[in-house]
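Okay, so here's the structure we're looking at.
The values are calculated or read from the model by the stated rules, or taken from the named source; none is laboratory data. What you see is a predicted model; the values in this text were computed from it and never measured. Positions of Cβ are generated from backbone atoms using ideal geometry, with glycine treated the same way; all protein chains shown enter the neighbour counts. These area figures cover heavy atoms from the full protein model, side chains too; ligands, DNA and RNA do not enter into them. Shrake-Rupley method; radii C 1.70, N 1.55, O 1.52, S 1.80 Å.
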Amino acid sequence: MEKHQFLKLLAFTSLALSSLHYGLGAKCGSNGPTIQQTQVGYGNPPKYIVEVYNRCPMCPVINIHLKCGSFPQALVSPRLLKVVAFDDCVVNGGLPLAPLQKFSFSYSHSKYLMPLATWSFQCE
């Protein structure tokens, strides 16, 4: 009988630990932020809108950094996109982007590629 109780306890513990794995820290593991850049003006220079989207339904995302090459700070307010160094820009001053929230900014210039570099989830 002790062996049966031990196996039940072991099964319960395994189930509890696996649910913790998908708990607070792992709620958003594969739902990292995305970035989309769309040309909205076709003049000279063209105009682009950049949208950063937090796909996580549970946790804010903070300190979103983009690889931005030699993006000139003069093209956008540093409150929206701050050039920290060559090829390092931080979105929204590093402040949290709420779950499922979009954040956008626009600039007029030839297109700069801005892939995501780093970010962190802020789950409690």
Need a quick list: strands (runs of 3 or more DSSP E) entirely within the range 10-124 having at least 3 residues that are open to solvent by 40 Å² or more (accessible area, probe 1.4 Å) and modelled with pLDDT under 95.
116-121
Using the structure shown, decide if Leu100 is under 15 Å from Thr34 (Cβ atoms) and either more than 16 Å from the chain's Cα centre (by Cα) or not charged (D, E, K, R) (or both).
yes
Give me the pairs, please: first residue somewhere in the range 100-124 and β-branched (Val, Ile, Thr), second residue anywhere and open to solvent by less than 90 Å² (accessible area, probe 1.4 Å), beta-carbon distance under 6 Å, and either six or more positions apart or on two chains.
Thr118/His65
For the range 55-70, how many residues meet the condition of being under 22 Å from Asp88 (Cα atoms), among the aliphatic types (A, V, I, L, M) and in contact (Cβ under 8 Å) with a residue 60 or more places away in the chain?
2
